[in-house]
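Scroll down for the structure; my scribbles are underneath it.
Coordinate-derived values only; no laboratory data. This is a predicted model, so every value here is computed, not measured. When we count neighbours, we look across all protein chains shown, and the Cβ atoms used for this are built from the backbone with ideal geometry, even at glycine.
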Amino acid sequence: MAEGLLRAALPTHEIFSAGLCALDGAPADPIAKELMWQAGVDISGHRARNLASWMMREADLILTMDSEQLQYVVSRFPAARQKLKRLGEPCDVDIPDPYRLGLPAFSHTFRLIEYAVKKQLPTLARQNMACALY
């Protein structure tokens, strides 16, 4: 959902996402697709992929959903530390993973992502960068 919202808000930026334990090639969750469709963003073509070292090299900015993910990525890729921050950092929120938790969890996560993206936009829009989400 974060990738879809960022792509919609920053069409000239390169945005890509990956998971720490993603099922490579799996489509977006149907609930996520529906919520995004209601927001006017089509993520039906999205396919999951796992975090890879090339992504860490190519990204100018790496956004994690929560503090635990940030620490994990730092431990795995210490050279990328300066590129890392949480998506929800400007509003001081960690964004939970709603996987397998149903519509209420997905709706809550969507609202947090939407709010965090809006807070990040002024900074991100001024910079032409490749942004990775984990």
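Structure data summary
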quantity	calculated
The chain, relative contact order in percent, only Cα pairs under 8 angstrom and at least six apart counted	35
Cα-based shape type of the chain, given that a ≥ b ≥ c are square roots of the gyration tensor eigenvalues and the cut on a/c is 1.5	rounded
Helix-only mean residue ellipticity at 222 nm for the chain, each DSSP H run of n ≥ 4 adding -39500 (n - 2.57), per residue, nearest 500	-13000 deg cm²/dmol
Kyte-Doolittle mean at least -0.5 and Cα axial length at least 18 Å: DSSP H helices in the chain	102-125
Full-stretch length increase - GLU34, THR12 - with 0.36 nm per residue and alpha-carbon distance subtracted	5.4 nm
Proximal lysines to LYS118, defined as alpha-carbon separation beneath 19 angstrom and excluding residues fewer than eight positions away on the same chain	LYS85
Computed label-point distance, nm, for sites GLU114 and SER67 using a 7 Å Cα→Cβ extension	2.7
